[in-house]
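Take a look at the structure below.
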Amino acid sequence: MVFPMNKFAVILPYFGKLKPSFALWYQSAKRNSDVDFFIFSDDTPLDIPAENIKWIPFTLKDFNNLAVQKLGIDFTITKPYKLCDFKPMYGVIFEDYLKGYEYWAFGDLDVVYGKITEYLERIKYHKYYKINHAGHFCFIKNIPDATELFKTHTSDSRNYYDILEGTNAAFDEYDLMFKTRALKIPFYDGTFAADIINEKGMQCVNNKLMKQLFKQKNTFPLPKNYHYQLFVTENGRIYRYYRRGFKVKRDEFCYIHYRLELPINVSDTASDTYLFSFQEKGFWDVDVASLQKLRPFMKLVRKYNNRKPLLVEKFDAGINMLKRIFKKKTNE
């Protein structure tokens, strides 16, 4: 057997027309030359050579046939979105592509990566069988106990064969997390992603939201949000700049997940430095020096993140609350 030179492989089936933002995903993946990406797709690849990005012509029918063969259960999926439930099973379905890798991962294409292996080294990845809770980028140790975790059953999780057909059941996040905890699988649950939602000026997914989603009192550590913050790629790394007192600080993530398809306004998609915004709709060139000083930073926040001064936002929130109360009493 010829072993791969890299330790990490990412499995990414995608069926249908690739979105324009794929160009940014492609460049961020290309920069991570020490990670191999396997894309199984029926679309045409970009004409950009990258040794670590493996393009395998594949259809949804091909996926069904391979999955039925590897899982030993007869089923058919008709919509690509249903693939989310199969992500934990990729280690078995695509096992022939994963021989020799230390870890494999499943994920999405609506992300931009930072320095993946550096981040994994920082969190001492080798201690864990599973890294990250989210379906948009999750690493699994390439050993049977971890790769076949989806087959196990616990009191608060479903059997995998019960969700093979039908609509998306979020098996890659809810159930895999419940199985991991119940079986005490070594699991990294610390900060990993800047998982962005278009809520209150573009915030990271927080514990309040996760508790609502998973209906549990205890979730896992998630990034704290700041009233003034911006998310950027800078020299191929993912940073969040934020105001703390009278200073601008920053923290780093492994990747950013942006969920919505947005226009690319950067002058060069191969650039490794740009800003991400819901407010101004898309990805923008940015002068990093302007992020590091308070006044220019605040100006950028108000433009790209739609944040008013905190007292103004509190006043507006109070007015809106009074309007709702008045409307309710009027209706009564």
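Residues Y125, Y119, Y103, Y129: which one is open to solvent by less than 30 Å² (accessible area, probe 1.4 Å) and touching a helix residue (DSSP H, G or I) at 6+ places or on another chain (Cβ under 8 Å)?
Numbers: Y125 fails: touching a helix residue (DSSP H, G or I) at 6+ places or on another chain (Cβ under 8 Å); Y119 fails: touching a helix residue (DSSP H, G or I) at 6+ places or on another chain (Cβ under 8 Å); Y129 fails: open to solvent by less than 30 Å² (accessible area, probe 1.4 Å).
Only one candidate passes the filter, namely Y103.
Given the structure, is D36 touching a Leu at 6+ places or on another chain (Cβ under 9 Å) and either open to solvent by 20 Å² or more (accessible area, probe 1.4 Å) or at pLDDT 95 or above (or both)?
No, not satisfied.
Determine which member of the set E148, E165, E118, E173 is within 22 Å of Y14 (Cα to Cα), without any contact (Cβ under 8 Å) to a residue 60 or more places away in the chain and of a type outside the set (A, V, I, L, M, F, W, C).
Being within 22 Å of Y14 (Cα to Cα), without any contact (Cβ under 8 Å) to a residue 60 or more places away in the chain and of a type outside the set (A, V, I, L, M, F, W, C) holds for just one of E148, E165, E118, E173, which is E173.
Which residue pairs have Cβ atoms under 7 Å apart, sit 6 or more places apart or on different chains, and have a first residue in the stretch 266-277 that is aliphatic (A, V, I, L, M) and in a loop (DSSP other than H, G, I, E, B) and a second that is open to solvent by 30 Å² or more (accessible area, probe 1.4 Å) and at pLDDT 95 or above?
Cβ pairs passing all conditions: V266/W284; V266/D285.
Return the pair list, or none, for Cβ contacts closer than 9 Å from residues in the stretch 73-102 that are more than 17 Å from F8 (Cβ to Cβ) and in a loop (DSSP other than H, G, I, E, B) to residues that are open to solvent by 20 Å² or more (accessible area, probe 1.4 Å) and among the hydroxyl-bearing types (S, T, Y), at least 6 apart or on different chains.
Every condition considered, the pairs that remain are I73/Y160; I73/Y161; F75/Y161; K79/T167.
Within the stretch 13-24, count every residue that is closer than 16 Å to V112 by Cα and either surrounded by 21 or more Cβ atoms within 10 Å (Cβ to Cβ) or out of contact with any Asp or Glu (no Cβ under 8 Å at 6 or more places or on another chain) (or both).
4
Among the numbered criteria (1) farther than 24 Å from Y101 by Cβ; (2) of a type in the set (A, V, I, L, M); (3) part of a helix (DSSP H, G or I), which single criterion is violated by L18?
For L18, the exception is condition (3).
The values are calculated or read from the model by the stated rules, or taken from the named source; none is laboratory data. Source: prediction; values computed, not measured. Neighbour counts are summed over all protein chains in view; Cβ atoms, including those assigned to glycine, are modelled from backbone coordinates with ideal geometry. What goes into the accessible areas is simple: the full protein's heavy atoms, side chains included, and nothing from ligands, DNA or RNA. Shrake-Rupley method; radii C 1.70, N 1.55, O 1.52, S 1.80 Å.
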